[in-house]
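Here's the structure, in structure tokens; my notes come after.
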Amino acid sequence: MRNPNPLKGGTVMVLIHKYRSFIYIICGSFLFALSVNLFLVPFHIYNGGVVGIAQLTKDLIEHFLNIKFTFNLTGVINFVLNIPLFIFAYRKMSRRFFFSTFISLVTQTIAFTVIPTLSKPLVDNVLVSIIAAGLVGAYGCSLIFKAKSSSGGMDIIGIYQSMKNNSSVGKTYMIVNAFIYFICALVYEFQIALYSVIYAAVFAFILDRLHVSNIEVSIMVFSKNKDLKKHLMSLVKRGITSWEGIGLYTGESTDVFITVVDKSEVAYVKRIIRQFDQKAFMIVSENLTVDGGFEKRLI
């Protein structure tokens, strides 16, 4: 069987991966902005994080200045509020993460501006609208995370702290959101603040189910291609443990090795394995608890 060039195959897959990531970021950012404008704004429900602060700022500006803007100012305010976080990401995190997050924020700014905010809700039931916003928005954010990027705001701090194994990110989210919903309860009705809290819980629950980059998966491979594990390790950049096995039915020796990756990398790993050995046998195991030197690739 012809053995393909690993560098050539790897380059092609990397290019495809980059192009796909760009589409994920654009579509995910657009869906997130759409979920806010179509499902939350008509009921005066507020998103958490920096977007929620931008919503509040926009409403307070219109209220105290008695001005009704002809376009949604939320996206522009959200972008301005993210500038300090952009500087932080540029200095502390990878350049790729910075530029991909910048693309996400630009897309959100445009989407928040061009997507109309409806005066009448699409659905009359506020809870149905909350669930719809949670589904659409969380799916959009999961696409952004799948591209190893972020939607900006608190996600930048959250990803940075996760990389540093700092567990205080949850407290940071809670403090910011508590401030937003406290202002909502003071300025508007307590019911609006309560609905906003329900939305935040629904959004977080759905996103946790959709986001797969923090789920570890082990892959055990049986192959007669002795060079497969070297090609896989050079392309995926993951540690591999191997040993020699014996097939009891055939009595032939086979190469056995195991690696741990995050769930978003599984399809990529399978493509590499099939590229070098079409007959390789794989066992994929989920629901792992990994401790030690495993690298979480959130960006």
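Model label sites at F281 and L122, defined 7 Å from Cα along the beta-carbon direction, differ in position by 4.9 nm.
Could you order F69, F182 by accessible surface area, starting with the largest, using a probe radius of 1.4 Å?
Values: F69 65, F182 120 Å².
Largest accessible area first, the residues go F182, F69.
Modelled spin labels at K237 and S94, positioned 7 Å past Cα toward Cβ, are 0.5 nm from each other.
Accessible surface ranking for Y19, Y188, 1.4 angstrom probe, highest first: Y19, Y188. Applying 1/(1 + (r/R0)^6) with r as the Cβ-Cβ distance of H44 and I87 and R0 = 30 angstrom yields a FRET efficiency of 0.40. For the set L118, L143, solvent exposure ranked by accessible area (probe 1.4 Å, protein chains only) runs largest to smallest as L118, L143. Using a simple spin-label model with pseudo-atoms 7 Å out from Cα toward Cβ, Q191 and R274 lie 5.3 nm apart.
From the cross-link list K58/K263; K229/K263; K148/K226; K146/K270; K58/K120, which pairs have alpha carbons spaced over 29 Å apart? Spell out each step's value before the answer.
On the way: K58/K263 39 Å; K229/K263 19 Å; K148/K226 32 Å; K146/K270 17 Å; K58/K120 19 Å.
Violating the 29 Å Cα-Cα cut-off are K58/K263; K148/K226.
Ignoring aspartates and glutamates fewer than eight residues from K237 along the same chain, the ones with Cα atoms less than 18 angstrom from its Cα are E216, D227, D262, E265, E295.
Annotation: D208 carries an accessible surface of approximately 90 Å², with a 1.4 Å probe and no ligand, DNA or RNA atoms counted. Once all protein chains are placed together, F22 keeps about 100 Å² accessible to a 1.4 angstrom probe.
The values are calculated or read from the model by the stated rules, or taken from the named source; none is laboratory data. Computed from a predicted structure; not experimentally measured. Glycine also receives a Cβ, built like all others from the backbone with ideal geometry; neighbour counts cover every protein chain displayed. Ligands, DNA and RNA are stripped out before the accessible areas are found, and what is left, the full protein with its side chains, is counted by its heavy atoms. Shrake-Rupley method; radii C 1.70, N 1.55, O 1.52, S 1.80 Å.
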